[in-house]
Each structure stands twice: as structure tokens, then as C-alpha cells.
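**Q** The structure is given below, and queries will be raised subsequently.
Every number in this text was worked out from the coordinates using simple rules, so none of it is lab data. Everything numeric here is computed off the predicted structure, so don't read it as measured data. A quick note on method: Cβ atoms are made from the backbone with ideal geometry, for glycine too, and the neighbour counts reach across all protein chains shown.
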Ligand code: SF4
């Protein structure tokens, strides 16, 4: 496969939450969603990233192979939205497949229809963000429709790809019982979900919105209490899911 150039916001080595083991994380730029709580608003514009060669990144990734072998880690492509640059994503996944490095893609799934099955199959694990179940809430949170995300979840089930689901709990926005319950029920009916992460909303990205001169619409929204987060996790557990 030929080298591909892509726009990259940043690279992080030694990440431990975006997939199993130690992760080499490539944060690509460009995202069609506009999540109210986005903590990386500086990654939303494609060309806000720096043009990078997939081959150069793969060369760098290859130097971490020993760590991955001992720590069970690998590459995670996150963003932004990795699927916004499908050829670049494919080259990164292909290169890691060649090296035997585990691959994870962190995505909303919104653009999945643009990717062929061959590319989808190249990732070992998907971190799929289901930001809401109730369609109106999903639209309010992200600015787009929920349909493609749910279709992608089903496509991954059909392709028997491992999935970790991520759900961000935002008081007054995504914490309505029918919303949490809806995601939990849908996810529990998929046969390929290995784990669910319920992530309490936080305001760590607020300063970025401010420094970009943009209004942060959740400035008056509080973070959920530990009890509220635990209750949401319990809802998922009640559906037999492995919750973190
Ligand atoms: S999908 Fe991720 S990067 Fe895109 S707007 Fe939402 S939180 Fe931000």
C-alpha cells in the first residue's frame, strides 16, 4: 500500500484508557459532529491539524513494538473523527496489521458508510461512542442524526468485531432514565460488546472553547455526582454488561 498523508492534531504515547494495554494514540483532525461537551474543539477542522505521513507514523509506532508485546497495547486512532480521513486511516491500520500491532479506532461511527468492509475489518477493536439513544437528544448533543451510529453498531456485530461502548453522562442532557436505559438495552442486544465505559461529563475542554473565542454552551452544566454516575453504570450492569 502507498503512503498516505493525513491531518493529525497530535500524537500521544503511553495512553492507558483508549483501548487495552499501552496505546500509541494518533489524534486525527476533522469531525462532522459538534458535540456540546467536546473537549478537543481544536480538532474539529480538518486542516487545523498538521499534515503527516502515515509511513512516518508507522515507523515511529514500530519502535514501540516491544512495549506493545509485553503490555498488550497497540495503536489507537482517535480524533476528531478518524473516519473523516478514510485513506489515511486505512494505511495506518494496514501498516499495523503488517507488523502484528493491535489496532483500535475511537469513533462515533457517523461516517461509517464511506468505509468499505476491508478497511473496517482491519481494526481489532472499536471504541464506539453512543452519545444518546433518544434521537432528539442525540441531535441536540452532536448536531447530527443518531441513525448512522446505530447502523454502524449493527454492522460491527455482523462483522464480529470487538466493541467497547462509550457513553458520556451529562446532567440535564443525557442522564434521562429513558435515554440511559435505551442505550443499555440496545447495546445488550448486540453480541459483540465486550465492555461499556460510562464517562462522567467534565469541563476540561472549556478553556479551549474560550481560547478559540467560541461560546461553551455547557458552562452552567454541572458534573454528575459519583452516585449519579454509579446509578447510570448500574443501569448498564442490569442488562448484563461489563461496565467500567
Ligand atoms: S465526536 Fe468527538 S471530536 Fe467530534 S465533536 Fe464529538 S466529542 Fe468532539
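**Q** For 5, 122, what's the fewest-to-most ordering of other Cβ within 10 Å of each Cβ?
**A** Exposure proxy ranking, most exposed first: 5, 122.
**Q** Starting from the Cα coordinates of the chain, work out the convex hull volume and express it per residue in Å³.
**A** It comes to 118 Å³ per residue, whole-number rounded.
**Q** Moving on. Please report the base-10 log of the normalised intensity I(q)/I(0) for the stretch 5-141, using a Debye sum with one equal scatterer per alpha carbon and no solvent, at each q in 0.09, 0.14, 0.17 (1/Å).
**A** Here the Debye-derived log intensity ratios amount to -0.25, -0.60, -0.87.
**Q** May I ask you to list the residues of the stretch 139-170 whose amide nitrogen lies under 20 Å from a point 7 Å from Cα along the Cα→beta-carbon direction of residue 176?
**A** Correct set: 139-150, 167-170.
**Q** Return 47, 86 ranked ascending by Cβ neighbour count within 10 Å, so the fewest neighbours appear first.
**A** 47, 86
**Q** Below 8 Å, C-alpha to C-alpha, sequence gap of six or more: please give me the relative contact order for the chain in percent.
**A** Value for the chain: 17 percent.
**Q** I've got another one for you. Roughly what angle does helix 177-188 make with the longest principal axis of the chain, taking Cα atoms, 0 to 90 degrees, to the nearest 10?
**A** 40
**Q** For each of 185, 131, count neighbouring Cβ atoms within 10 Å of the residue's Cβ, then give the residues from fewest to most.
**A** With the fewest neighbours first, 185, 131 line up as 185, 131.
**Q** Antiparallel as a % of all DSSP beta bridges within the chain, to the nearest 5?
**A** Bridges in the chain are about 30 percent antiparallel.
**Q** Relative to the compact-globule scaling 2.2 N^0.38 Å, provide the ratio for the alpha-carbon radius of gyration of the stretch 10-72.
**A** After normalising by residue count via 2.2 N^0.38 Å, the value is 1.30.
**Q** Once the Cα gyration tensor of the stretch 188-244 is found, what semi-axes does its equivalent ellipsoid get, as square roots of 5 times the eigenvalues, in whole Å, sorted largest first?
**A** Semi-axes, largest first: 31, 14, 8 Å.
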